[in-house]
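These notes are about the structure you will find just below.
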Amino acid sequence: MRPLSEAAERLLYTEIPCLDHGFVQPIDYMGNDDEIAQAARTSYGPIPVDKRSDTRTLLRILMRHRHTSPFEMCEVKFRCKMPIFVARQWIRHRTANVNEMSLRYSEAQDEFYTPVLEHVSMQSKSNKQGREETPVNPEVYGEVLDLLKRSQNADFEGYERIYKSLGISRELARTILPVSLYTQWVWKIDLHNLMHFLALRLDPHAQYEIRVFAEAMASFVKAWVPLAWEAFVDYRIEAVTLSRGELAILRAALLSHSDSTSAFVDQAIALAPNLLSSREIGEMRDKLKKLGI
Ligand SMILES: Cc1cc2nc3c(=O)[nH]c(=O)nc-3n(C[C@H](O)[C@H](O)[C@H](O)COP(=O)(O)OP(=O)(O)OC[C@H]3O[C@@H](n4cnc5c(N)ncnc54)[C@H](O)[C@@H]3O)c2cc1C
C-alpha cells in the first residue's frame, strides 16, 4: 500500500469554506512525514536502523538548513473556488500545476464576492497596498455594498444579454464581467513550494482575501504532515531574518548591557532549556560567534 497519512485521508474531499462562495477542497496527496525523512536518508545511502535519527529530529534539521528537496517528494492537489482577483495573485506562484475552468467553454454563474463589514476599511496611510484595520461605519458599508451589488447585477445582466439574447460567443461575452466573479481550478503543488506559497500568503502583508485560502490549505497541511508543519512554523513562519544593519544594532545593544556577551547568551539559553535541542544550542553559539557576540 502507498504511504498514507490517516489525518489527510479523513480530510480528503471535504470543502473548507472560504469567503462568501469559495472553498478549498483537498482531493489527493502523495507522501507523508516518514516519506520526507526516507527521501532525505537516501542522500546518505543505507544507514543502520540504530544510527538513524528519528523522523522529527531529521525533518527539523532539513528545514533549519534549507535542505529542501526531500519536501518536494510530497505533493497535494486541491480543488479551489475563488474570486478572479484572488486567482490573479495566486497564479503568480509558478511552481504549481493549474487547470482552470474556462468561460469560453462554460457559462458564467451569478456568483460574485462581496466583503462583509468587518473587512471593509479605508485605504491604509502607511501601506500603499493595504487597508486600515478598523472597519468603516455601517452607513458607509451599506453604500459600498449597494454600489458593488448594483454594478455586479448590471454586469451579469449585460453578460446574459450579450450571450443569451444576442447570441454572441461566450469568449467575448465574458469580457464584461468584473474580477469579483468566482472562478475555479484544480491546483497541484509539492510541499516545498506550497510552504513557500504559505509563508508569503499567510503573512499579514498578504491581502486578507487570499490569506483566507492560505489558511484553509495550511489547516490541511498541518494535519497531513504534522512534523514538517511544526518545523516550518518554528524555522520559517515564526523565525525572523535580520539584516546586517539590524544585527549591528543588536550587537551594539547587547554589548552596552554587558561586558561579557557570552555570559549574557549563557543566561538566556539557561532560561529556555526546553526551546532548543543541544544541537541547536551549538548552532546558535556558532552563529553568535560569527557575529562577534
Ligand atoms: C504581499 C505581496 C505583494 C505582492 N505585490 C505584487 C505587486 O504589486 N505586483 C506584482 O507583480 N507582484 C506582486 N506580488 C507577487 C510576487 O512578486 C511574486 O510573483 C509571488 O509572490 C510569487 O512568488 P515566487 O516567484 O517566489 O513564487 P513561485 O513562482 O512559486 O516560485 C517559487 C520560487 O521558484 C523560483 N522561480 C520560479 N520561477 C522562476 C523563474 N522564472 N526564474 C527564476 N526563479 C524562479 C524562485 O526562487 C521563486 O522564489 C506580491 C506578492 C506578495 C506576497
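GNM on the chain, alpha-carbon springs under 10 angstrom: the most fluctuating residue among Val120, Val136, Val265 is Val265. Of Arg56, Arg131, Arg211, which has the largest mean-square fluctuation in a 10 Å C-alpha GNM of the chain? Result: Arg131 has the largest fluctuation of those listed.
For the chain, the Cβ-based charge dipole about the Cα centre amounts to some 1040 debye (Lys, Arg positive; Asp, Glu negative; other atoms uncharged).
The distance between label points at Glu100 and His65 comes to 4.1 nm (points 7 Å beyond Cα on the Cα→Cβ vector).
Each semi-axis of the equivalent ellipsoid for the range 1-150 is √(5λ) with λ an eigenvalue of the Cα gyration tensor; in descending order they amount to 43, 21, 14 Å. Ranking Thr241, Ile269, Val186 by Cα position along the charge dipole of the range 144-274, where only Lys, Arg, Asp and Glu carry charges on their C-beta atoms, puts Val186 farthest toward the positive end.
For the range 196-293, a simple Cβ point-charge model (Lys and Arg +1, Asp and Glu -1, everything else neutral) yields a dipole of about 260 debye relative to the Cα centre. Think of each Lys and Arg Cβ as +1 and each Asp and Glu Cβ as -1; about the Cα centre, that makes the dipole of the range 106-238 roughly 380 debye.
Taking each DSSP H run with n ≥ 4 as -39500 (n - 2.57) and averaging over every residue of the chain yields -14000 deg cm²/dmol at 222 nm.
Derived from the Cα gyration tensor, the three semi-axes of the equivalent ellipsoid of the chain are 45, 28, 14 Å, largest first. Put in order of Cβ neighbour count within 10 Å, fewest first, the listed residues Met82, Met30 become Met30, Met82.
Largest mean-square fluctuation among Thr55, Thr114, Thr175, in a Gaussian network model of the chain whose springs join Cα atoms under 10 Å apart, belongs to Thr175. Between the C-alpha center of the range 203-249 and that of the range 1-33 there is a gap of 20 Å.
Values in this text are rule-based calculations from the coordinates and carry no lab data. From a predicted model like this one, the values you see are computed outputs, not experimental measurements. Glycine gets a Cβ as well: all are built from the backbone with ideal geometry, and neighbour counts include every protein chain shown.
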